[in-house]
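Before any comments, here is the structure.
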């Protein structure tokens, strides 16, 4: 398999640090704050009531700095990541995370900024937030973004609260959110958290929600439709304008889940689809690293008539001075303790500045080309598995398990087999309306050569792999197939 | 198209792709997909300039950084939920490994053991520090964590005191739509006045969809601790939750033992939720788990993370193990692989949105995993003795500062209760407001604290502040307050 990145490797085994302890050892250099000898000798009892004093020290490891460094370096070597290999996780937009943005956000004065520093000393930071808002408004056509939400789901929650409040103020009691069956699980979960009832609508045979199917779900109880566009099948919601029209005619609002905005950026304004609000995942489309599960940022943008409902605080600009303001008439309140995930926002802003208007349109263009290339080539390898064979996809494509199943291999085995070839598996078994779904998002930062290697690996799995080998995969990883049943049967959640 | 360094696709590659797809141009590509929705010409964007090269980009942001307070000269004595702790070089060095910061959430455990293992250690060490049975793999921040804790306590309360029976086979969940009788409408959440006001605002945003009510339990005006009599007065049937922050927003150490006795002694029993923004305190004072807290939900940013102008932070969520199935967020568990070797994976995912959808315990998906890994590295470095030592150092420095400032005669104590590394003062000179004092001090390179009243400030000290800084604080305070007219 010399043509594939996954060859073999020497893994270092590593025990929990608590099992590497030597009594009395610690790995931190404690600052010399200039305390006098008599102060150094004091104990907590000299300052606080004895009844508050902790008697048993927490059971932390007792290890030195080099032990800690080797430990975590070894751990890190057990991870696949987008910097080491193709990571085509569908609907996650695992694009390259520019290193310069990491450097910028790690400048001492930026990362060391206290959120409650007086306004006149943080003007440049506030300006960045303000300007970033203007750029996002222009890219989407919407009128204002809030940066309070800490991730995509928090953005959904925020957007749905805006919807709730909007109808409350109008004195309308609407409790239903229409959500396509292909939606990410956060959509119904966020709806429930906001006190709405999620109602599922079925995707049509062509991979999108058909306007005529919306009609029968309409009533005065419908507050909004929450529609991911392009959806998690990678398909453009072709009826979106008609849907928006019908929804608006019903007095309801259109919330677009913008997790897949990478398909539009620089080429399409979402306002042209007549939507009312959106959340953008800065840790997807805007290149900020996902950090093995966060942090992210889920900026929420709205049309003018919803501006007054956005969370507080926000950055305003008046007479040459940036301010942190809380004067929004119908605000849904506070979503986060401070202004925003500034450390994330800054990287996204730097990303946009790097691209500039001359490169930004290429992002979605190449992302779409790459995805369609995968779709077309893989459609032949996995014959009969492309549910939308005659359609172009957008930023990602999805396949059923039909072709591999015929060959005796399940989707999960397919995923684990890919690992041994040196690729991170696609998103699997999602969306749930596709049988044994395999969902692939290559992004614009992968080369054709890489994609070809990936396709070749799938070809081998499809035609050459025996069931017995599939069951044993992955073989080259640090740990072999993980027993998830056991993990849940007897939960062990700490050492 | 010219070259852009993040795109591996050359101009001829793009042409090839178009020809393979049998499409002539970008216009045709989009037209075939989006129909009559217009394409925009990015070159006409007004808010975005042309692309900036890396060197120019860096100098632009370098200038931004230079125009912000100089990290090495600006002494920070402000806390209020975010504390200026020293971050050892090891953390940035290790976290800059792409293997930690560029993967997605570990959905494929076989290729994500590094993150999972580190999170397992994070959960374990946090559980030790808090004295709680189980801690999850992180939330966004202390405020959101607390809001989720309150929702969880409402679900637990409903389970425990059920005249209300959810539909058959249905679990108690976050959502009660208009066609059902809202079972939380009689529920009351008591929140101590000592809870961070920003946390309380976030909690209100979460809870107002559920119809449960929130009442504030007053502080003892003298000590700054939660007023026990007011708590007793407000405890009534239907109180699902009592929230206490430890140490509280004003830095005061609450008597959790006394409070717990009253809270858990009440029938029907409310859930005891402890919040907190400075977990370093638990190196010196008894952690919430020692006082039978049902849930801990607070901030963990003090452990190895930067202040980042307020985000990202690190939400901590811990609970008693019997409540694990009602917890929000990811939990890493230990298991075996096919060769019977130790392996780690997410557990109890049936609580979560990607499985349970509308009936999940929370909508959270992406959390603040990387911040949790930073905390894991930090706590490992601290180890048992270092953690205790640093905690004690914070306690001492804050008390040295406190004493020094009182000795100037310019301030008086606001609350008399014991405190950890944060305390409140009143400025005696009526001519100087808290805002004027803070702004004046800031212009002299000292972030002197946070305004809590017209004449009141909240001040903290950490191991980042030396006794010289403390000296400088006192001198400058004298200057500003004495010369005020």
**Report entry** Debye intensity ratio in log₁₀ form over the Cα atoms of region B:94-377, taken at each q of 0.07, 0.12 Å⁻¹
**Finding:** -0.25, -0.74
Requested in this report: Averaging sequence separations of C-alpha pairs under 8 Å and six or more residues apart, then dividing by the length of region B:94-377, give the relative contact order as a whole percent.
Outcome: 27 percent
**Report entry** Whole-angstrom Cα spans of region B:330-485 along principal axes, big to small
**Finding:** 75, 40, 30
Query raised in the report: How much length is gained on full extension from residue A:172 to residue A:449, taking 0.36 nm per residue of separation minus their Cα-Cα distance?
Result: 94.2 nm
**Report entry** Kirkwood Rh, angstrom, the protein assembly as shown [1 / mean 1/r, Cα pairs]
**Finding:** 28.8 Å
Query raised in the report: residue A:100 label point, 7 Å along Cα→Cβ, cut-off 12 Å on backbone N: hits in region A:338-365?
Result: A:350-356
Query raised in the report: What spacing in nm lies between the two simple spin-label points modelled at residue B:3 and residue B:266, each 7 Å away from Cα in the Cβ direction?
Result: 7.0 nm
Query raised in the report: Residues of region A:166-195 with amide nitrogen under 17 Å from the 7 Å Cα-to-Cβ point of residue A:330?
Result: A:166-176
Report summary line: Between the modelled labels at residue B:350 and residue A:134 (7 Å from Cα along Cα→Cβ) the distance in nm is 5.4 nm
Report summary line: The alpha-carbon center of region B:228-277 and that of region B:84-144 are separated, in whole Å, by 30 Å
Report summary line: If R0 = 60 Å, then residue A:242 and residue A:42, at their Cβ-Cβ distance, give a FRET efficiency to the nearest 0.05 of 0.20
**Report entry** Inter-centroid distance (Cα atoms) of region A:30-59 relative to region A:369-410, Å
**Finding:** 64 Å
Requested in this report: Binning at 5 Å from 0, report for region A:400-483 what percent of all alpha-carbon pair distances ends up in each bin.
Outcome: 3, 15, 25, 25, 20, 11, 2, 0
**Report entry** Kirkwood hydrodynamic radius of chain B, Cα pairs, Å
**Finding:** 25.3 Å
Query raised in the report: Along its principal axes, what span do the Cα atoms of chain A show, with the longest given first and each in whole Å?
Result: 80, 65, 48
Report summary line: Rounded to two decimals, the Debye log10 I(q)/I(0) of region A:103-353 (Cα scatterers, no solvent) at q = 0.07, 0.09, 0.16 Å⁻¹ is -0.23, -0.38, -1.14
Report summary line: Footprinting proxy, A:246, B:450: sorted fewest to most Cβ within 10 Å, the residues are A:246, B:450
Report task. Write down Rg/Rh for region A:358-425, rounded to two decimals, with Rg from the C-alpha atoms and Rh from the Kirkwood relation over Cα pairs. Result -> 1.05
Query raised in the report: Sorting B:309, A:11 on the 10 Å Cβ count, fewest up front, what's the list?
Result: A:11, B:309
Report task. State, to one decimal in nm², a quarter of the convex hull surface area for the C-alpha atoms of region B:260-341, i.e. the direction-averaged projected area. Result -> 8.5 nm²
Query - Rounded D (µm²/s) - region A:34-99, Kirkwood Rh over Cα pairs, Stokes-Einstein at 10 °C, 1.306 mPa s - result: 90 µm²/s
Query raised in the report: Given a Förster distance of 30 angstrom, what is the FRET efficiency for residue B:66 paired with residue B:44, based on the Cβ-Cβ distance and rounded to 0.05?
Result: 0.35
**Report entry** Cα centroid separation, region A:119-181 to region B:442-464 (Å)
**Finding:** 32 Å
Requested in this report: Can you check what the Kirkwood hydrodynamic radius comes to for region A:320-406, Cα pairs only, in Å to one decimal?
Outcome: 17.5 Å
Report task. Estimate the FRET efficiency between residue B:161 and residue A:490 by the formula 1/(1 + (r/R0)^6), using the beta-carbon distance for r and 22 Å for R0, to the nearest 0.05. Result -> 0.15
Query - Percent RCO, i.e. relative contact order, over chain A, from Cα pairs under 8 Å lying at least 6 residues apart - result: 19 percent
Query raised in the report: Can you put A:148, A:29, B:25 in order, fewest other beta carbons within 10 Å first?
Result: B:25, A:29, A:148
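Every number here is computed from the coordinates shown, using simple stated rules; none is lab data. This one's a predicted model, so the numbers in the text were calculated from it and none came from an experiment. So basically every Cβ, Gly included, is an ideal-geometry build from the backbone, and we count neighbours across all protein chains shown.
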